[in-house]
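K.L.:
I'd like to ask some things about the structure below.
The values are calculated or read from the model by the stated rules, or taken from the named source; none is laboratory data. This one's a predicted model, so the numbers in the text were calculated from it and none came from an experiment. FYI the Cβ positions are ideal-geometry reconstructions off the backbone, even for glycines, and counts take in every protein chain you see. What goes into the accessible areas is simple: the full protein's heavy atoms, side chains included, and nothing from ligands, DNA or RNA. Shrake-Rupley method; radii C 1.70, N 1.55, O 1.52, S 1.80 Å.
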Amino acid sequence: MKRIRCTYEATFPLLGCMFGTIASFVLLEVFFLSSKPSWFSGMSILERIELVNNSLFILFTASLILWLGLFSIALLLSEQKKVRDGLLWCCWLLVSLFFVAVILTNLETVIYTLTEWSVYDLSGLNNAILLVLLVNLAVLLVLRRRVQVSRFFSSYGWKMPSVVLLLFLATFPLVLKKVGFAAPAQGSLGESSMADAPGYRPNIVLFSADGLDTRYLGVYGYEKETTPNLSKLRNLIIYTRAYCNGGDTRSSTVSILTGKNPLTTGVIDGTRILREEDAFHHLPHILASAGYFCIDLNDGIMASSSKGNLREGFHFENFSGTGYEVGLNPLEKQWARLHGRVPSYFSNVITRRLGIELYFLKELIERNSNKILFMADLTKTAWILLPTDLDTATTGIKDRLLIGRFKELITETEQPFFVHLHLMSTHSLRAVTMSAEQGKSVQDVYDQLVSTVDGYLGEIIEILEKNDKFDDTLIVFHTDHGLTYQFKHIISSLGELTGYPLPLVVHLPGQKERIIIEESVQYLDIAPSILAFLGIPIPDWMEGNVIFTRSINELRIPRSRPLIAATSLIALDRSDKSHRNNDAPNEVVAVRMVLGDMCYTYLAGSASGSLHDLSRSAYDFKEIRQPELVQHYHEILCKELEKKETSVSCPQ
């Protein structure tokens with residue numbers, strides 16, 4: 001009994017300090033997220049309390065398990081006092097380092113928010129000095145804290161557990177309420193429910209490039225041949241009037257992969273994420289369940305599936321999230337085989353019931369640990385604190401690395417693959433920056449960047465042909481939104497949500513001729529069309545229509561359906577620094593509806609919007625100023641918004 005008590009008195013203070021540090025860690029992060037527009041902004045007060053409570057419970061539980069392991073080891077070493085004390089000293093050092101790192105990283109976050117200075121602005125030498133100071137501060141903290149803990153225990157003895165236990169148990173009721181004991185949800189990644197479903201299983205590549213415009217693509221008749229590799233493919237379906245559904249990369253990409261409108265999921269800008277069942281309702285999840293090997297290659301920021309909280313879909317994202325260029329190692333291969341093969345109840349509880357908490361903790365740990373790794377010169381990648389920052393245009397994983405990763409992954413796998421590839425070479429800001437650097441016109445630079453992207457497409461085609469997979473691969477060439485800056489330094493009142501058509505070109509396996517489709521379509525149509533082509537049932541929650549099948553000549557695309565897109569005002573002007581405080585109008589939404597030859601744009605909450613006639617040309621807008629006609633289209637939009645049960649106000 002004496003050995004147990006002595007071991008307890010030596011180890012339990014570590015648990016108390018861990019609990020206190022973890023609570024500070026989580027609460028400071030919550031404060032940071034509350035200080036700026038983020039996915040946290042869309043949550044109610046009760047939802048935020050539940051998130052904080054459940055996150056603390058997860059971390060407290062992990063700390064308790066670690067402490068039990070330490071207690072057991074220390075108990076076994078109770079007769080070897082020097083070894084035990086050395087072990088405890090190392091544990092105190094780790095806890096102190098954690099505490100100091102939490103304070104340092106959150107202090108840096110506050111400074112960044114106020115002054116835009118961050119640890120990423122430091123040189124290697126300054127980072128090293130800061131890291132040495134951090135370690136020395138932690139050592140001093142260990143020496144001082146152990147003296148104070150000894151005094152505390154001499155006065156309070158065994159009373160400390162009641163405080164820690166009470167703190168732990170206080171988080172339990174809300175966790176129990178959310179987790180419950182319901183039957184596990186079905187449809188997790190790795191289930192074989194659709195793997196044996198009848199249907200054709202070609203490879204699938206969604207090839208996307210940022211900010212493309214049909215006016216500057218050779219395949220659409222541009223005077224310069226900017227897309228020779230795409231144009232030389234004769235068996236294509238070219239849609240001349242395709243429209244996106246989101247006004248920025250995050251919202252548009254999520255809508256493409258889910259087949260849901262941004263107003264349905266709430267992902268209306270780059271700060272939002274998928275929540276609850278929406279996080280599992282997407283094309284990659286369905287394809288993975290049907291036996292596809294799913295790969296997401298993106299910039300690591302705005303087009304990232306994990307940043308958007310798409311769960312149980314992609315087997316791989318980039319380089320396992322680390323940004324280094326390697327081939328498939330044995331650990332990666334094993335993860336690909338085992339991913340999703342956990343007991344269904346465990347998967348239901350962890351990934352579905354506590355999905356938002358896991359997302360919060362993942363972002364919390366990755367963002368703060370990245371700063372420490374950067375100071376230690378163990379990573380060169382800067383974490384983007386605010387996704388609306390201007391510098392995201394030139395940040396992230398380089399396109400060349402993504403093409404190399406594509407080659408590695410599709411060469412390794414023998415099963416059918418689904419690849420979502422998003423390239424950033426054509427981002428409008430990059431064209432503006434390169435224009436200033438090279439002394440060329442922005443238009444010439446942009447044309448050059450479009451040709452670069454087409455060159456990457458040529459490499460993809462070459463890789464597929466070399467591996468005898470091209471004739472058996474469905475390729476969808478598209479973008480995320482239009483030209484953000486329209487070659488200017490300011491954005492129009494509706495940003496990317498113009499009525500300009502965007503590129504959508506499809507290569508179907510076995511197609512013998514080129515087909516031009518002039519009916520209006522939307523990017524929401526891509527996901528259900530892929531499922532129709534494969535013979536997989538289209539779920540009720542997908543909102544798009546089928547725009548290509550294996551019997552393409554028999555397809556009839558409805559002309560009279562409203563195509564709705566939405567974006568947050570924050571996505572409209574990235575040069576506006578108001579997004580750095582909570583006064584930014586995060587909830588104000590711009591909506592665009594294309595119906596036949598009419599384009600109606602509307603600012604949520606306004607009495608009315610503006611109406612344009614597209615019948616003369618998709619690029620030549622004629623504003624309609626007839627109040628009765630404008631009101632007619634306004635009422636149509638309001639009815640559509642009512643169907644979606646969104647919070648967007650639309651007074652009729």
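K.L.:
Testing residue 56 on (1) within 16 Å of residue 364 (Cβ to Cβ); (2) surrounded by fewer than 19 Cβ atoms within 10 Å (Cβ to Cβ), one condition comes back false. Which one is that?
P.N.:
Status for residue 56: all satisfied but (2).
K.L.:
Across the stretch 407-431, what is the number of residues that are under 24 Å from residue 219 (Cα atoms) and outside any strand (DSSP E or B)? Spell out how you get there, then give the answer.
P.N.:
Step one: filter the stretch 407-431 for residues under 24 Å from residue 219 (Cα atoms), giving 419-431.
With outside any strand (DSSP E or B) added as a condition, the list becomes 424-431.
Residues that pass the stated criteria total 8.
K.L.:
With the structure loaded, tell me whether residue 618 is at pLDDT 80 or above and among the small types (Gly, Ala, Ser) or whether it fails that test. Steps first, answer last, please.
P.N.:
Working: at pLDDT 80 or above: no; among the small types (Gly, Ala, Ser): yes.
No: the conditions fail for residue 618.
K.L.:
So which pairs qualify, if the first residue must be in the stretch 312-325 and closer than 24 Å to residue 276 by Cα and open to solvent by less than 30 Å² (accessible area, probe 1.4 Å), the second must be modelled with pLDDT under 75 and not in a loop (DSSP other than H, G, I, E, B), the Cβ gap must be under 6 Å, and the two must be at least 6 apart or on different chains?
P.N.:
What qualifies is 315/336.
K.L.:
Okay, moving on. Output the residues belonging to the stretch 38-84 that are at pLDDT below 85 and within 22 Å of residue 107 (Cβ to Cβ).
P.N.:
38, 40
Quick grid of which residues meet (1) within 27 Å of residue 413 (Cβ to Cβ); (2) surrounded by fewer than 24 Cβ atoms within 10 Å (Cβ to Cβ):
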position: 239; (1), (2): no, no
position: 243; (1), (2): no, no
position: 254; (1), (2): yes, no
position: 267; (1), (2): no, no
position: 277; (1), (2): no, yes
position: 282; (1), (2): yes, no
position: 288; (1), (2): yes, no
position: 296; (1), (2): yes, no
position: 303; (1), (2): yes, no
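K.L.:
Give me a count of the residues in the stretch 268-301 that are among the hydrophobic types (A, V, I, L, M, F, W, C), modelled with pLDDT of 85 or more, over 19 Å from residue 540 (Cβ atoms) and not in a helix (DSSP H, G or I).
P.N.:
If we filter the stretch 268-301 for residues that are among the hydrophobic types (A, V, I, L, M, F, W, C), which is where we start, we get 268, 273-274, 279-280, 283, 286-288, 290, 293-295, 297, 301.
Now drop any that are not modelled with pLDDT of 85 or more, which leaves 268, 273-274, 279-280, 283, 286-288, 290, 293-295, 297.
Next, from what is left, pick out any that are over 19 Å from residue 540 (Cβ atoms): 268, 273, 288, 293-295, 297.
Among the residues that remain, those that are also not in a helix (DSSP H, G or I) are: 268, 273, 293-295, 297.
Total meeting the criteria: 6.
K.L.:
Suppose the filter is modelled with pLDDT under 90, surrounded by fewer than 20 Cβ atoms within 10 Å (Cβ to Cβ), more than 19 Å from residue 644 (Cα to Cα) and among the small types (Gly, Ala, Ser); does residue 578 pass it? Give the steps one after another, and end with the answer.
P.N.:
Details: modelled with pLDDT under 90: yes; surrounded by fewer than 20 Cβ atoms within 10 Å (Cβ to Cβ): yes; more than 19 Å from residue 644 (Cα to Cα): yes; among the small types (Gly, Ala, Ser): yes.
The answer is yes for residue 578.
K.L.:
Go through (1) open to solvent by less than 10 Å² (accessible area, probe 1.4 Å); (2) over 11 Å from residue 480 (Cα atoms) one by one and return the number of the condition residue 272 breaks.
P.N.:
Here residue 272 clears every test but (1).
K.L.:
Here's a follow-up. State whether one or more residues within the stretch 43-55 are of a type in the set (Val, Ile, Thr), on the phi < 0 side of the Ramachandran plot and within 23 Å of the chain's Cα centre (by Cα). Give the derivation first.
P.N.:
Initially, the stretch 43-55 is screened for residues of a type in the set (Val, Ile, Thr), giving 45, 49, 52.
Checking the rest, the ones that are also on the phi < 0 side of the Ramachandran plot come to 45, 49, 52.
With the extra rule that they be within 23 Å of the chain's Cα centre (by Cα), the set shrinks to 52.
Yes: the stretch 43-55 contains one or more residues that are of a type in the set (Val, Ile, Thr), on the phi < 0 side of the Ramachandran plot and within 23 Å of the chain's Cα centre (by Cα).
K.L.:
Right, next: Can you list the helices (runs of 4 or more DSSP H) lying wholly within the stretch 208-267 that have 2 or more residues being among the small types (Gly, Ala, Ser)?
P.N.:
Here the list reads 249-258.
K.L.:
When the stretch 264-288 is examined, which residues are found to be more than 22 Å from residue 529 (Cα to Cα) and polar (S, T, N, Q)?
P.N.:
Residue satisfying the conditions is 271 alone.
K.L.:
Take residue 584 and decide whether it is modelled with pLDDT under 90, outside the structural domain of residue 252 (by the TED database), among the hydrophobic types (A, V, I, L, M, F, W, C) and part of a loop (DSSP other than H, G, I, E, B).
P.N.:
On the way: modelled with pLDDT under 90: yes; outside the structural domain of residue 252 (by the TED database): yes; among the hydrophobic types (A, V, I, L, M, F, W, C): yes; part of a loop (DSSP other than H, G, I, E, B): yes.
Yes: the conditions hold for residue 584.
K.L.:
For the stretch 418-446, enumerate the residues that are under 24 Å from the mean Cα position of the chain (by Cα) and open to solvent by 10 Å² or more (accessible area, probe 1.4 Å).
P.N.:
424, 427, 429, 430
K.L.:
Among the candidates 435, 425, which residue alone is at pLDDT 85 or above and out of contact with any His (no Cβ under 6 Å at 6 or more places or on another chain)? Can you show your working first?
P.N.:
Working: 435 fails: at pLDDT 85 or above.
Exactly one residue qualifies, and that residue is 425.
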